[in-house]
Structure formats: structure tokens, C-alpha cells
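Accompanying notes for the structure given below.
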Amino acid sequence: MLLGELSYLRAPCRFMVIMPQWNFLDFLAQQGRRYPAFHLRMQAEVTGLVEENGRIAGIRGNTSEGSFEVRADLVVGADGRNSVVRECAGLTVDDSGASIDSLQVRLSKHADDPKFLQYSDRGQAMITIDRGDYWHCGFPVPKGTAEKMRAAGIQDFRDRIVAIAPFFRDRVNELRDWNDVKLLTVRADRLRQWYRSGLLCIGDAAHAMSPVGGVGINLAIQDAVAAANVLAEPLRNRTVRIDHLARVQRRRLFPTRLTQRMQGILQKQMFRGLGKSEPTRLPLPVRLLERTTLPCRLRTRLIAVGFRPEHVKTPDAYK
């Protein structure tokens, strides 16, 4: 939980961001230390919202030292696809449906590795995303089958990877056991309304994205930038109104809808043979994305930048 206070103003405004403990939380903490009113609470679990006169006025939570309550002018729920904040707020979720789950693994990268996005054959598929010095790999499986795969053992899973991507043969043993494999329960949904008075949801808390393309984090960061651009001045003046929160949703709804629609189309194309035993061939659109220059560049741009890029427009008060 990140707590901020615009305390260099005559009337300090408090805001908080509820978010999971991602790997880059340390980086955020380092940046936040530049601001004297920034506070970070680790190992803090949000259990409920403080509501007064129909407005969200803060949160309740637990730590190892006991329960606590924090008041704020604005609560930002950025706590992911299983958001406690949006559940406690009673916001309506429209589920787009998802027929797959994904086993997520990390495998080291070699300089001579192929650069393909997807590997597929005989009812199995794997998506590889280049993270610089390693491959972030997603192994999609039909919903409800992950436990059967676990029961077959880690070696069987290693063999499945090698069968469709042989160049991983010399490093699948990096997966020592099932603790090195994370199950991502795929969800694709979107809040009808991302906000209530005193509360705004962004990122997967507002719109859980399919893992196709690995763009969920991109949209979450762009949501945050858009929210900062819209809300910085109203927060400074303590004049945040519900129409400001609605403006954030209007700004980000178009790229969210379009990205989810594109993900749905690609998922049907890419995984249409999932679970079947006969040999499969990648659909023509996917082959074009892999092997031709312009579509490959478009794919890279859409994954990295998205349909509506956001740019920071707020000044740094403590340069």
C-alpha cells in the first residue's frame, strides 16, 4: 500500500494506492523516498473500505501488528485482477469469458534463440516474450486441466515444452519443480464503472486482461499516467469530484476495449487447436505476424505502446 500526501500545500490532501507486491515495488519505494510525505506499508492487507455518507473515505486493513485504518481524499485500487478494493466497493463486473488458463515460466535466453512469438503443434502451444536476458513463457492449457498436468510430474511438463520448442532442450531443467511454474487463471473482464465518489480503480482492478501479448502491465501503467494527468491538480486543490474520475475512465476505456477485443480474436486464432492431438498449423494472421517485417513491427508497437499512449504531463514538485 502506497500512501501519499500533497503536504506542501496549505491544505494537505491525502491519497493512497492499493497495489500488490510486484517485483518493481522496491523501485517505486526508492523513487518515493524523494518525497517527504510518501509512505509505504509492506505486508499490509486491505480488508475493507471506510464509507461515509455514500463516499469512500479510506480503507481498513491488517498487518502482523494488528488492524489499522487510513483516511484519504482518494483511494486508488490497483490491486490486480482479484481486487479486494473493487469487490468491497460493489462495482459491477462484465465478464468476457475465458476458455484457457496459462502456466507461466521463466527460461534463460541465448543469443541464437529464434525470435518467434508462438510455438504450436499437436494441441499444445507456448507464447514467448523477450524480457531481455530471459524468456517469459506462457503455456496455455484448457481450463481445469492444470491439476492433471501437475499430477503427471514436472518432467512431463518439461517434455511438452521441448516437443514444441526444441531449442529449450538444454535449459528446461531450470524448472526444478512446480514451484518454478506459476498458474495464471485467465480472466477477461471490465468494470462497467471504474469509480465511486472517493475511489478509482485502474489496471487489472478495472479491466482484467488476457495474457495474450503480455500487455496487461502496459495498460496498467498507462492508466496510472492518465489518472495522474487528470487528478494531480484537483488533488492539490482538494477539489476532486466524481466527474474527474469519470474523465479517467473515458480516457482509458477506448484502448481497453480495443485491446481486449484484439486479444479475444487472437486467442481464438492462436489456440483453436488447443487440446487436440492432430498436427496443427499456425493460422495465417499469426504466421504473418511472425515472418513479415511490417506486421512484425506493428505487433511490436501495439504490444509495447498500445492504441492510446499516455505521456506524463504533471510537474515534479521535488526535483
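Taking the average, over residues, of other Cβ atoms within 10 Å as the packing measure, peptides 196-202, 244-250, 211-217 rank 196-202, 211-217, 244-250 from highest down. Net length available on complete extension from Asn82 to Lys268 is 64.5 nm, with 0.36 nm assigned per residue and the Cα-Cα distance removed. The stretch between Asn173 and Ser64, if pulled fully straight at 0.36 nm per residue, gains 35.5 nm over its current Cα-Cα span. The string of couplings for the stretch 207-223 from the Karplus curve (6.51, -1.76, 1.60, θ = phi - 60°) is 7, 5, 9, 5, x, 4, x, x, 9, x, 5, 4, 5, 5, 5, 5, 4 Hz, one whole number per residue in order, with x for Gly and Pro. In terms of surrounding Cβ atoms within a 10 Å radius of their Cβ, Glu310, Glu45 rank from fewest to most as Glu45, Glu310.
Peptides 162-171, 61-70, 100-109 ranked from most to least packed give 100-109, 162-171, 61-70, packing being the mean of other C-beta atoms within 10 angstrom over each peptide's residues. By the count of other C-beta atoms within 10 Å, a proxy for reagent exposure, His110, His311, His207 are ordered fewest to most as His311, His110, His207. Peptides 183-189, 137-143 ranked from most to least packed by the mean count of surrounding Cβ atoms within 10 Å: 137-143, 183-189. Computed from the alpha carbon positions, the gyration tensor of the stretch 47-105 leads to an equivalent ellipsoid with semi-axes of 28, 17, 9 Å, biggest first. Each Cα pair under 8 Å and six or more residues apart adds its separation to the average, and for the stretch 48-155 the resulting relative contact order is 19 percent.
Each reported figure results from applying straightforward, stated rules to the coordinates on display, with no laboratory input. Quantities reported herein were computed from a predicted structural model and do not represent experimental measurements. Neighbour counts are summed over all protein chains in view; Cβ atoms, including those assigned to glycine, are modelled from backbone coordinates with ideal geometry.
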